[in-house]
Amino acid sequence: MRRISWRTCAAVAIMVAPLVNCADEKPSASTAPLASRHSDPTPPNPTAALVRQLAAGRGVIPMPPKPYVRPALAELGRMLAFDKILSGNRDISCMTCHLPQFATGDDRHLSIGQGATGIGPSRVHPQGIFIPRNAPPAFNLAAMQHLFWDGRVERGPHGQIITPAGDQVTARMQRVFEYGPVSAIGMFPVGNRDEMRAYSGNELAAIDDANNPAIWDALMRRLGQIPEYRRLFERAYPGQRFSDMTFAHASNAIGAFLVDKFTFDDTPWDRFLAGNNNALTQKQLLGAQTFMSIKCSLCHNGSTFSDEKFHDVAVAQFGPGKGNGPSLRDDFGRMDITNDPTEIYRFRTSPLRNVELTAPYGHDGAITDLREFIAHYSESDKKLLAYDPTQLDPSLRPTLLPNAADIIAQRDTIILGVVLTDSIINSLTDYMSALTDDRARNLTPLTPHHVPSGLPVDR
């Protein structure tokens, strides 16, 4: 594919507008509430009108309204999310890897789980053990139907929540989940030995790995021994007794907290979609035109800028892996969930809201800079073959797998032949800054000063 200039790209945008059947698009009913909050009548702008038409054609839409969350439920979830009581040896919480001060991540390529000390980039494990994947952002999860990099918690075709635990998540537990897949998000890190449960030193470690109900019941017994938690649970679920609750109630509360506090829909882009032509800078507007005109928005669409599908975009593999391949250090991604060999090395399309805050990027945090990650999609096969491991933590550099040829062989066809000029990469990077909600820049007030267990809170 020959390189295209910025002017050519702009011309393409104009030509493709009729092809996406949006030249006569009118604002949909779904945008009306947003418009009432953000609209600011401005003079007509042909480029702005074109960008809105292109966005409609690619299915890039406003965020849906945030679901209502009972304050008592959100508060219970906040306490649980920050409380190390949910880990086997009481040394790590959910939020240790999703720190507010690092935009719900930990500023690491790969997270470091239980048995370690420190937080964020200063966290170290005495045995040098890493979690196989990067900590994904916790933004706007109510709008997501597939969670975790491999989508192992997802909404099924009939609205049920599909999880790795199968029917161990009973119909009664399913009825507790109020916010879709995010309500089940807390069910599984607590059972993972490397992430939270540990291998020894506590009553959870002795439970068989496949016996999720026993792990969940043991955690509820822990929580039930703390009077403040019993009160918080019964306040969050009026009319129910703690003794009748399951760990689904705890996970649902954690999900409610994430929905309530980490849903953001007031970006410059949102204000632009609502009709304010001045919401974007000229560079951001031209970047949006580029984004909507080329292949980016074929996968990064919807309200979160994720098609919720799974793609192999030729990202380098390193770290402990997921037990795949001859070395057992490979990570086959979605294939491990579906057992479909065509989905090897595929990972869920990353949402892009607040993306400038959430480095490093990729399922294993292989790329540390947003502009470099955008540039990666230009001749991604060459980028993978030339990947520089010196950008990794020193202990991770020797773990880079020599599997680039296998990854490239399965590369998603949608990115084949993509070549981006420096000016286009710069333009796309400018646009990404329009997807940041300023409220997401400082989340540290969400960290509680104390939790009911009395254990220290990571801050």
Item to check | Simple Cβ-charge dipole of the chain, Lys/Arg +1 and Asp/Glu -1, about Cα centre, in debye nearest 20 | outcome: 620 debye
Checklist entry - For THR390 and GLN168 in the same chain, what is the full-extension length gain: residue separation times 0.36 nm, less their Cα-Cα distance, in nm? => result 75.6 nm
Checklist entry - What is the local net charge at LEU392, summed over the other residues whose Cβ is closer than 11 Å to its Cβ (Lys, Arg +1; Asp, Glu -1)? => result -1
Checklist entry - Amide H to amide H under 5 Å from VAL153: which residues, 5+ apart in sequence or cross-chain, H placed 1.01 Å off N in plane? => result LEU147
Checklist outcome for this item: For the stretch 77-196, the charge dipole (Cβ of Lys, Arg +1; Cβ of Asp, Glu -1; about the Cα centre) points to a positive end, and the Cα of MET187, PRO121, HIS98 closest to that extreme belongs to MET187
Item to check | Peptide ranges 220-226, 77-83 listed from the most packed, as the mean C-beta count within 10 angstrom indicates | outcome: 77-83, 220-226
Checklist entry - Using a simple spin-label model with points 7 Å from Cα along the Cα→Cβ vector, what separation in nm is obtained for VAL418 and LEU298? => result 0.9 nm
Checklist entry - Distance from the Cα centre of the stretch 98-125 to that of the stretch 134-194, in angstrom? => result 22 Å
Checklist outcome for this item: Footprinting proxy, HIS300, HIS376: sorted fewest to most Cβ within 10 Å, the residues are HIS300, HIS376
Next on the checklist: Could you give the length gained by full extension between ALA409 and THR117, i.e. 0.36 nm per residue of separation minus their alpha carbon distance, to one decimal place?
Outcome noted: 101.2 nm
Checklist entry - ASP381 to LEU328: extension gain in nm, 0.36 nm per residue of separation minus the Cα-Cα distance? => result 16.7 nm
Checklist entry - Do the sum for the chain: with -39,500 (n - 2.57) for every DSSP H run of n ≥ 4, divided by all residues, what is the mean residue ellipticity at 222 nm, to the nearest 500 deg cm²/dmol? => result -9000 deg cm²/dmol
Item to check | Value of relative contact order over the stretch 92-140, rounded to a whole percent, pairs C-alpha under 8 Å and six or more apart | outcome: 39 percent
Item to check | Charge dipole of the stretch 365-459 about the Cα centre (unit charges at C-beta), most positive-ward option of GLY417, HIS450, ALA404 | outcome: HIS450
Checklist entry - Arranged by the count of other C-beta atoms within 10 angstrom, fewest first, what order do MET245, MET187 take? => result MET245, MET187
Checklist entry - Relative contact order (percent) for the chain, with alpha-carbon contacts under 8 angstrom and 6 or more residues of separation? => result 24 percent
Next on the checklist: I want to check the label-to-label distance for ASN442 and ALA210. Put each point 7 Å from Cα in the C-beta direction and report it in nm to one decimal.
Outcome noted: 5.2 nm
Checklist entry - For the chain: lysine pairs with Cα atoms under 21 Å, gap of 8 or more or different chains, count? => result 7
Checklist entry - Going by a ≥ b ≥ c, the root eigenvalues of the Cα gyration tensor, does the stretch 165-264 fall in the rounded group (a/c under 1.5), the prolate group (a/b larger than b/c) or the oblate group? => result prolate
Item to check | Whole-number percent relative contact order across the stretch 158-214, with pairs defined as alpha carbons under 8 Å at least 6 apart | outcome: 24 percent
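We did not get these values from a lab; they are worked out from the coordinates using the rules stated. None of these values were measured; they are calculated from a predicted model. Reconstructed Cβ throughout: ideal geometry from the backbone, glycine too, with neighbour counts over all protein chains shown.
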